Each structure stands twice: as C-alpha cells, then as structure tokens.
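Remarks on the structure that follows.
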Amino acid sequence: MQLKNDLLLRAARGEKVERTPVWLMRQAGRILPEYRAVRSNLSGFKELVETPERAAEVTIQPVDILGVDAAIIFSDILVIPEAMGLTYQMQEGKGPYFPKTIKSIKDVEKLKIVEPEEDLHYVLEALRITKKELSGRVPLIGFAGAPWTIFSYMIEGGGSKTFSKARKMLYNEPELSKILLDKITASTIAYLKAQIRAGADIIQVFDSWAGILGPDQYKEFSLDYISKICDAINDVPVTVFAKGAYNARKEISTLNCEVIGLDWNMGIAESKDIIGDTKTLQGNLDPCALYGSFSMIEKVTNEMLREFGPHRHIANLGHGVYPDTDPEKVKCFIEAVKNYQG
Ligand code: CP3
C-alpha cells in the first residue's frame, strides 16, 4: 500500500523532504494515560507484548494522540533471548529479570536459533494488525536489540550499572562469547526479515549498552555483528542506534545502513564531520529537555534543527522518552519540529 506520509522513509534514504520527520523512541508506553489504561486491564507488560490486538492498539496510540510521523511496533528487545530459551520477567519499577542466565558453553549450546514464524508469532501478528489498521498513514518501524546488548542481558540476568559479568565473560571466555553472539545474530537476522515480511517499513537496531566497551572490544564484540545484520537486511532502510558509542562513530559510518542514531552527548556538528553526508542522522534532544517549559522546548528544538540542517535528519530524542514526561510537552516538541521554518 502507498504510504500517505512517507517523510521518514524518504529522509532515511537521503531524499529531499518538505520538512524533517519526527518520532520518539519509547513513544508507545507509559507517557500516555491511554497506554496505562490498556495495560491496567492485563496482567502486565508481558501479556501486552504477547497479545497482538492490544500491542497493535498501543502502537497506534502515539500516531493518533501525538501526531508522530512513524509508529514503532510495541514489543521489547528481550523477546529474542526469550525465544532462544531464556525467559524474562518484567518487574514493576525494577526492569527485566532473567531467572536463568548463561554461565557456560553448555548453556549456550542449549539455546536455539529463533524460528520467528513459530517462536515470535505474536510480534509478527501484531505487525500485520498494526499495518492494516494504520492503512498507510505513517511508516511502521520494526526493531531488535544489537547482539552485544542482548548478550549483556543473557549474561547479567538484568540491568546493571557496570555490566561486569558480561565484560568479564569477554576476557575469560572470548570463544564462548563469539559463539553466543553468532547465535544471537542469526536469530536476529531471521527475526528482522520476518518483521519486514509482516509489514515493517524500516528497521532499527538498538545497541543500548554500546557505551560500556572500549573501542577495540566494541569493534570485536559488537560492531562486527551489527555489520552482519546490516548486510543481511536489504529490502528496507536500517537505523543503527548505538548509545554511547562516541569512539565508534567513524566505523559506524561505514556500515551498510542508511540511518545512524545519535544520543544527546554526541555533538551534532562534530558527528556530521565524523560521519559525513552519506548517512541520515537521527536524534538527539536530551530527553530531560522535555521537563523544561514550553518556550524552552521550542528554543532547544529549533536550535537542534538548525544544527542538523534540513536534509538527512530524522528528529527524535537522544534516548527513549522518560515515562513521567507530560504528553503536552511531547506534543510541544513534535509541533516545534513540524512548524520549524529553516
Ligand atoms: O515505543 C517504543 O519505543 C516501542 C516499544 C519498546 C519497548 N522497549 C517497550 C517497553 C522498545 C523499542 C523497547 C526497546 C528496549 N527494551 C531497549 C532498547 C532501547 C533503550 O531504551 O535503550 C531496552 C534496553 C529494553 C529492555 C527493557 N524493557 C528495559 C530495561 C525495561 C525496563 C525499564 C522501563 O522503562 O521500565 C523494559 C520495559 C519496557 N519496554 C517498557 C516499555 C513500554 C515499560 C514496561 C511497562 O509498561 O511497565
């Protein structure tokens, strides 16, 4: 189906756009009372993720309520470890928890390579329903975690300040680490291809814990695997968002991807210099800017747009929107992008 608003896809491919497209990471979620209402009728986050009709409903909410230029499928990066054999729990206010983690090569051998149509049928169904219900209003973003970020959760069993167990594994068991990263990569490629068949118009790879590795380890244990994913996805544009990967911006610019996400610590002019003009940049307002006054939000958004310039930019925050952000402030950001006169 022909998209009515394809600004995001054109910007991703480096084509001319009438204005900069805008969406927010984590736009489908707790910032919206309408999301909390749907969630309160279910047992929790996981049931929402695993119920395609409801997942589709909350995916579309920000399009209707906030006026964003894209929908991102409501799911989580942790469905991959789950489908490979490590189930997770989402603890209210605490985040994810894995009762079983990877400690030895035997644990790695037990993991399966994901067969998405079987193991992640619920996500694919949610994509198909969303695609139908959007009826071409805006593009639909599919996503997955980068292998390194998924690896970290599988070893740590949850979030961590230092990720010491995951980093320790790289030093003590580099072979095991690579076997595990290869398995995650194969699963992720199959999963992303299935998402595209189910209707995803663009793919984003989230490397949320990129920033905890030094440059050499980042290349060896993360970028090489992201690179395989980029090479395997050819039908739709790919966005790589590697949070905190300042050291790797040059290497990231050589990946076979169309869009590079910047976090709010990465200078815009400096990033443009390093990355060059063959990639579209996405980002990068500090999520905390949305705690500012309406006039402050307009001011910093305008400054951001001026610095990125009118082409090869997709406006977004530098990380997911914080759950206690006032939706009116989110709308102010979106309107500021839409009204910007460059
Ligand atoms: O709107 C969207 O962006 C789509 C949905 C989405 C979720 N998670 C829903 C979610 C996306 C793209 C993700 C990705 C994700 N999940 C990442 C990468 C992006 C990033 O933030 O760096 C990571 C690291 C995760 C893992 C994860 N999921 C954590 C650490 C948490 C707990 C922290 C929190 O925000 O509570 C989750 C839970 C989660 N995933 C929620 C949502 C809406 C909150 C759960 C709830 O409703 O209570």
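Each of SER293, MET1, ILE73 was placed along the dipole of the chain (beta-carbon charges, centred on the mean Cα), and the one lying farthest toward the positive end is SER293.
Listed by chain and number, the lysines placed with their C-alpha closer than 20 angstrom to that of LYS161 are LYS94, LYS100, LYS103, LYS243; residues fewer than eight positions away on the same chain are left out. Pair-distance distribution P(r) for the chain, from all Cα-Cα distances in 10 Å bins starting at 0: 6, 26, 36, 25, 6, 0 percent. Scattering from the range 153-195 was approximated by placing one identical point on each alpha carbon and applying the Debye formula without solvent; log10 I(q)/I(0) at 0.26 1/Å stands at -0.89.
Which one of GLY14, ASN234, GLY244 is farthest out on the positive end of the charge dipole of the range 7-339, using unit charges on Cβ (Lys, Arg +1; Asp, Glu -1) and the Cα centre as origin? Value computed over the given set: GLY244. Between the Cα long axis of helix 327-339 and the first principal axis of the chain there is an angle of about 60°, rounded to the nearest 10. By the equivalent-ellipsoid construction on the alpha carbon gyration tensor, the range 56-215 comes out with semi-axes of 30, 17, 14 Å, ordered largest to smallest.
Note on the range 15-133: percent of Cα-Cα distances in each 10 Å bin, starting at 0 and stopping at the bin with the largest distance, equals 12, 37, 31, 15, 4, 0. Ordering LEU140, ALA186, GLY199 by the projection of their Cα atoms onto the charge dipole of the range 104-201, which places +1 on the Cβ of Lys and Arg and -1 on the Cβ of Asp and Glu, puts LEU140 at the extreme positive end. Beyond 18 Å, what share of the Cα-Cα pairs of the range 220-280 remains, rounded to the nearest whole percent? Everything past 18 Å amounts to 28 percent.
Expressed as a rounded percentage, what relative contact order does the chain have, with Cα pairs under 8 Å and six or more residues apart? Mind dumping the intermediate values first?
Details: 640 pairs, mean separation 75.9, N = 342.
In percent, rounded to a whole number, it is 22.
Calculate, for LYS178 and GLU118, the FRET efficiency according to 1/(1 + (r/R0)^6) with r their C-beta to C-beta distance and R0 25 Å; round to the nearest 0.05. All intermediate terms of the calculation are to be shown ahead of the outcome.
Numbers: r = 26 Å, r/R0 = 1.05.
Here the calculated transfer efficiency is 0.45.
Summary of packing: across the peptides 57-69, 172-184, the per-residue average of other C-beta atoms within 10 Å ranks them, highest first, as 57-69, 172-184.
A short reminder: the numbers here are calculations on the coordinates, not readings from a lab. Small disclaimer: the values here were computed from a predicted structure and weren't measured. As a convention, Cβ positions derive from the backbone with ideal geometry for all residues, glycine included, and neighbour counts pool all protein chains shown.
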